[in-house]
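The values are calculated or read from the model by the stated rules, or taken from the named source; none is laboratory data. Every value quoted in this text rests on a predicted model; they were computed, and no experiment measured them. Cβ placement follows ideal geometry from the backbone for every residue including glycine, while neighbour counts extend to all protein chains displayed.
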Amino acid sequence: MMIERIEAFLNNHTICVLATVRDNMPHCSLMAYVVDERSRLVYMVTPRDTNKYQNILKNPHVSLLVDDRSQGDFPGQRADHALTVHGTCHRAEDQTTKKLVRERLAKTRPDMRDFIYDAQSEVIAIDIHSFLFLDGVSDAHLVEV
C-alpha cells in the first residue's frame, strides 16, 4: 500500500528541507527531524530568533522535502525518490513530548546536541495534511491524511 511506503520513506530519513513563507517570500532551511509513531507529526528544533521560526509564527503553512539524492552520489546507484509533505506548524507545548523529541534528535544527531538542548531553541511540530511521493521521474502519488 502506498501510505505504508510513504511512511517508511519518511521514517528512514532524518534530514529535510523546510519551506516557510512570510510576506509572499519563500524561505528554505535544512533541518533534522523525527516523526511520531503514527507518521502524522514531524518534529524539529529551531532557535526562536530565526527567519523560519518568525515565518511560522506569521504563517503556519509549511512544506517539507525529503529525498534520497545523497544515495545516488556513487556510480551505479539510482536515487530518484522525493517526498513533499504539506502541513501546518506549531510549537510543541507538552513538556514530555518536547523532552522525547530532543532525546530522539540528540540520538540521531549527536553533533547537534548543544543546539538541540539550547534554551533559545524551540521544539516545533508539523501536523501533516498530505504527502506527495515521487517514485521516479514521473510517477507521483498524492495521499491526503
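Residues in the stretch 107-145 that are part of a loop (DSSP other than H, G, I, E, B) and either touching a Phe, Trp or Tyr at 6+ places or on another chain (Cβ under 8 Å) or within 16 Å of Arg91 (Cβ to Cβ) (or both): Asp118, Ala119, Gln120, Val145.
Residues considered: Arg40, Arg109. Of these, the only one that is in contact (Cβ under 8 Å) with a residue 60 or more places away in the chain, more than 22 Å from Leu142 (Cα to Cα) and out of contact with any Gly (no Cβ under 7 Å at 6 or more places or on another chain) is Arg109.
Looking at the stretch 67-77, can you tell me whether even one residue there is part of a strand (DSSP E or B), at pLDDT below 95 and surrounded by 13 or more Cβ atoms within 10 Å (Cβ to Cβ)? Yes, the stretch 67-77 has at least one match.
Look at Asn11 and say whether it is polar (S, T, N, Q) and more than 18 Å from Ile128 (Cα to Cα). No.
Of all the residues in the stretch 14-59, those that are out of contact with any strand residue (DSSP E or B) (no Cβ under 7 Å at 6 or more places or on another chain), more than 14 Å from Ser121 (Cα to Cα) and of a type in the set (S, T, N, Q) number 2.
Suppose the filter is in contact with a strand residue (DSSP E or B) (Cβ under 8 Å, 6 or more places away or on another chain) and loosely packed, with under 13 Cβ neighbours inside 10 Å; does Ala125 pass it? When the stated conditions are applied, Ala125 does not pass them.
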